[in-house]
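Take a look at the structure below.
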Amino acid sequence: MTPAIVAHQLTRMFGKIAAVDHVDLTVQDGELFGLLGPNGAGKTTLIRMLTGLSPISSGDAAVAGVDVRRDPVALRRAISVVPQALTSDLDLTGYENLDIYARFFSVPRRERRERIQHLLERVELWDRKDDLVSTYSGGMRRRLEIARGLIHRPRVLFLDEPTIGLDPQSRHVIWELLRELQHGGGLTISLTTHYLDEAEALCDRVAIVDRGRIVALGAPAELKSALPGSDTLQLTLDAPPSQSLTDELGALPNVRKLERDAAQLTFHADGGAALLPRVIELLYAAGHKVLTINVSRISLEDVFIHFTGRSLRDTHVTETDTRRAAAPRRFS
Ligand SMILES: Nc1ncnc2c1ncn2[C@@H]1O[C@H](COP(=O)(O)OP(=O)(O)OP(=O)(O)O)[C@@H](O)[C@H]1O
Ligand SMILES: [Mg+2]
């Protein structure tokens, strides 16, 4: 089977600026793929090109086997885009919102009701089907829009920040839904998110995008293990350790770096937890007591900082662009 998404040297110029800069990407059928990156990295522009919504300056792309530039009609039938902004019609009921789309995509009359019911049940909105969307919460609207995006049975579903601004409970309902959809049969999902925990919990692979380029690509676990010495083990002792003891601890296998600050030791190591027994043993043998221990594992956030030089949170705090100032905050 052809891959769900193939991009070759895909580029989008705005004046002299390459918003997307010679991107090569292959997403396999059935993958749940995440796009991560700071504001202005080029994620939306990349998605817009892949979904036929934005011109391509150079390079090629095929989605669901359809050449994005050549066949916009076939593309529209094969994919679905759930944009970041909520777009369901407030003056219609949930059912009517789906029905309009089903008609637009010429779903035969007999099948329409069945499909709509199935999808509304799946997103847990069947009991609210006859209520106006204006009475729905943000999380309900998002679920409705995901259901709407599936009415024509697309092969690839593009979601731009599907859980932005939602409470944790609604986020988890959407996570469950996306997992089910992916496992339930052949649907490829491309997900843009600013939530690293979301990417980590859901995505088979993620691409970290920065300044129009993919700077890292892989399974979350792969990306994390590619960063050496990123587990930290921090111990507070009863008294500062001697230089010779510090040297001995620093020479233990898998220790990349050891920092000593008075009675506090910070190890940067591969496999921090596995190191702990040996460290304790040496400290006890030297007559020390250990007052506190803290082991922290590398997170996807660390990977992100490593590849982009800044934290995802910083990129939002420093954002001043007026276009974005009007957009919802990514972090509460
Ligand atoms: N229509 C446009 N005209 C000019 N420049 C644009 C246009 N759309 C996007 N850009 C620029 O292209 C770059 C990539 O923007 P894009 O919206 O793709 O980033 P993003 O990763 O989706 O960011 P965000 O996280 O804020 O959604 C930015 O420098 C942006 O200012
Ligand atoms: Mg965007």
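Selection of the stretch 65-76 for residues being surrounded by fewer than 20 Cβ atoms within 10 Å (Cβ to Cβ) and either within 16 Å of ligand 2 (Cβ to nearest atom) or over 22 Å from ARG213 (Cβ atoms) (or both) yields GLY65, ASP67, ARG70, ASP71, PRO72, VAL73, ALA74, ARG76. Considering the stretch 57-69 alone, what residues qualify as being touching a residue at least 40 places away in the same chain (Cβ under 8 Å) and within 22 Å of VAL82 (Cβ to Cβ)? Matches in the stretch 57-69: ALA61, ALA62, VAL63, ALA64, GLY65.
If the condition is being surrounded by fewer than 18 Cβ atoms within 10 Å (Cβ to Cβ) and within 16 Å of ligand 1 (Cβ to nearest atom), then the stretch 149-169 contributes only GLY165.
Annotation: ALA4 fulfils all but one of (1) within 30 Å of ASP302 (Cβ to Cβ); (2) within 16 Å of ligand 1 (Cβ to nearest atom); the unmet one is (2).
Selection over the stretch 192-212 of residues that are among the hydrophobic types (A, V, I, L, M, F, W, C) and away from ligand 1 (no atom under 16 Å from the Cβ) gives a count of 3.
This table checks each residue for (1) touching a residue at least 12 places away in the same chain (Cβ under 8 Å); (2) open to solvent by 30 Å² or more (accessible area, probe 1.4 Å); (3) within 30 Å of GLY165 (Cβ to Cβ).
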{"position": "LEU92", "(1), (2), (3)": "yes, yes, yes"}
{"position": "TYR95", "(1), (2), (3)": "yes, yes, yes"}
{"position": "PHE105", "(1), (2), (3)": "yes, no, yes"}
{"position": "GLU121", "(1), (2), (3)": "no, yes, yes"}
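GLY15 meets all of the listed conditions (1) open to solvent by 50 Å² or more (accessible area, probe 1.4 Å); (2) closer than 19 Å to GLU161 by Cα but one, namely (2).
In the set (1) closer than 19 Å to LEU217 by Cα; (2) modelled with pLDDT of 95 or more, ALA41 fails one condition alone, (2). Just checking, does the stretch 45-58 include any residue being more than 25 Å from the chain's Cα centre (by Cα) and either modelled with pLDDT under 95 or in the same structural domain as ASP204 (by TED's automatic domain parsing) (or both)? Yes - at least one qualifying residue is present in the stretch 45-58. Taking only the stretch 24-53 into account, find how many residues are within 15 Å of ligand 2 (Cβ to nearest atom), touching a Lys or Arg at 6+ places or on another chain (Cβ under 9 Å), open to solvent by less than 20 Å² (accessible area, probe 1.4 Å) and closer than 21 Å to ASP71 by Cα. Selection size over the stretch 24-53: 3. Quick check: is even one residue across the stretch 91-101 within 18 Å of PHE158 (Cβ to Cβ) and among the small types (Gly, Ala, Ser)? Within the stretch 91-101, not a single residue is within 18 Å of PHE158 (Cβ to Cβ) and among the small types (Gly, Ala, Ser). Please go through the stretch 73-86 and give me each residue that is within 16 Å of ligand 1 (Cβ to nearest atom) and outside any loop (DSSP other than H, G, I, E, B), ordered by number. Hits for the stretch 73-86 are VAL81, VAL82.
The residues of the stretch 251-276 that are open to solvent by less than 40 Å² (accessible area, probe 1.4 Å) and assigned to a loop (DSSP other than H, G, I, E, B), listed by number, are LEU252, ALA263, GLY271. Restricting attention to the stretch 293-310, the residues being closer than 11 Å to PRO38 by Cα, open to solvent by 60 Å² or more (accessible area, probe 1.4 Å) and β-branched (Val, Ile, Thr) number 1.
Counting the residues of the stretch 93-127 that are outside any helix (DSSP H, G or I) and either closer than 18 Å to ALA78 by Cα or in contact with a helix residue (DSSP H, G or I) (Cβ under 6 Å, 6 or more places away or on another chain) (or both) gives 6.
Scanning the stretch 47-55 for residues that are within 20 Å of THR163 (Cα to Cα) and in contact with a helix residue (DSSP H, G or I) (Cβ under 9 Å, 6 or more places away or on another chain) turns up nothing.
Restricted to the stretch 175-250, the set of strands (runs of 3 or more DSSP E) holding at least 3 residues that are touching a strand residue (DSSP E or B) at 6+ places or on another chain (Cβ under 6 Å), in the same structural domain as VAL279 (by TED's automatic domain parsing) and open to solvent by less than 50 Å² (accessible area, probe 1.4 Å) comprises 231-237.
The values are calculated or read from the model by the stated rules, or taken from the named source; none is laboratory data. A quick note: this is a predicted structure, and the numbers were derived from the prediction, not measured. In this analysis, Cβ positions are derived from the backbone assuming ideal geometry, glycine residues included, and neighbour counts consider all displayed protein chains. Quick note on the areas: whole protein, heavy atoms, side chains included, nothing else; ligands and nucleic acids left out. Shrake-Rupley method; radii C 1.70, N 1.55, O 1.52, S 1.80 Å.
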